[in-house]
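**Student:** Encoded as structure tokens, here's the structure I'll be asking about.
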Amino acid sequence: MTKEKANPQSPEEMVKAAQEAAVKAAMEQAQAMFGSIPGFQMPDGMQEHLMEQMGAGMPDMAAAQAQHEAMLKTAGVDPARVAQAGRQNMAYAQQMMQEMMGGALGEELSSSDAMAQMMDAFGSDGWTINRAGDGKLDAAQLRLLAFCAPMLVYNDENVDSIDCPEEDVESIRSTIESWWNVTDRESTLEIVKWLLEEGHHADADEALKELRKRGLAGISQEERDDEESKMGDVCLIAESMEENGWCPGGQMPGSVIAWDLVRVVNLGRWAYLCGYVNEDEMWQIMQVTADTALEYFSSWEEYGTSFVMGRGVWHGDPDDSETAYEIVSLLLEDSESPWKKSSFNISCKPGA
């Protein structure tokens, strides 16, 4: 059974595509509606009229948008970041049209300051660790949630809370059904079992075992090109990690299971928010995940390195590993990180 659908683009690809589409659409629409009239202005109410027409043609637009945003979160993409870039793209396109009609485009594009400002507009904020600070979770619960910390940072969520806005629950419900066919307790536990025992790490770990034994030079091009294995993706990400010094002590992780474990914890949380499992079952899912992590790793650093590689191997894209590395580095270094506040090895039960 297919567990997940096609992967979305990376945030960088989305920003670039949105920028190009916004400029092209704005230019074509201006030419079609108004012709080459210097200094034209869109008639009052035209934008609102177009939005009304779009809404009438797609009555479920709000629901579709909510589902799309939740699917981005599942993949580790911040919907707010993409939406902000989209708004900036449209504003930039409109300004660009107005300046072109006024003959100022060439002058503006020749300004290095203007170009720098435009580049700053497209996502230079970096990652942050958010906290609710409500004290609802005890130390053991915070530690279990910490195994999901990379995903929480990706999604710009609080690292010390299992809660989410009420309006997000329906989007979460739609997303986990679409991606994993999770609709109840039984299907939740089925996917939890799959992620723990197979997920995306099983095939990758087989390739990684050979890579660690034989080294990159020992893997033939034919093996890398074999579409039936993950060797090509594993070698690609391993080379990137070595070149960038992302492996502690130069040692490749023994498994990429952390990528799946992060998602198990998040799935347990989401299933609870959707009402598919009760709170005790949610914590049990997280506890099993933490216990599994202890079988493979001895520190947050090892866990994080596994996540970095697993994220890249999943997409077969070094850029995904780079983004994951940025987040893992933040979690390993920031004083507000749950990885700084919780021990990796202490295994006490929630509420104990």
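The values are calculated or read from the model by the stated rules, or taken from the named source; none is laboratory data. None of the values given here were measured: they were computed from a predicted structure. Methodologically, a virtual Cβ is constructed for each residue, glycine included, from the backbone with ideal geometry; neighbour enumeration extends over all protein chains shown. Protein only, heavy atoms only, side chains kept; ligands, DNA and RNA dropped before computing areas. Shrake-Rupley method; radii C 1.70, N 1.55, O 1.52, S 1.80 Å.
**Student:** Between residue 291 and residue 206, what is the FRET efficiency for a Förster distance of 22 Å, r being their Cβ-Cβ separation, to the nearest 0.05?
**Tutor:** Working: r = 23 Å, r/R0 = 1.05.
Between residue 291 and residue 206 the formula returns 0.45.
**Student:** Describe numerically, in nm with one decimal, the distance between label points set 7 Å from Cα along Cα→Cβ at residue 190 and at residue 221.
**Tutor:** About 4.4 nm separates the two model spin labels.
**Student:** Please work out how much accessible surface residue 340 shows to a 1.4 Å probe, ignoring ligands, DNA and RNA, in Å² rounded to 10.
**Tutor:** Around 120 Å² of this residue is reachable by solvent.
**Student:** With an 8 Å Cα cut-off and a minimum separation of 6 or more residues, compute the relative contact order for the range 167-266 in percent. Intermediate values should be presented prior to the final figure.
**Tutor:** On the way: 68 pairs, mean separation 32.4, N = 100.
Relative contact order for the range 167-266 comes out at 32 percent.
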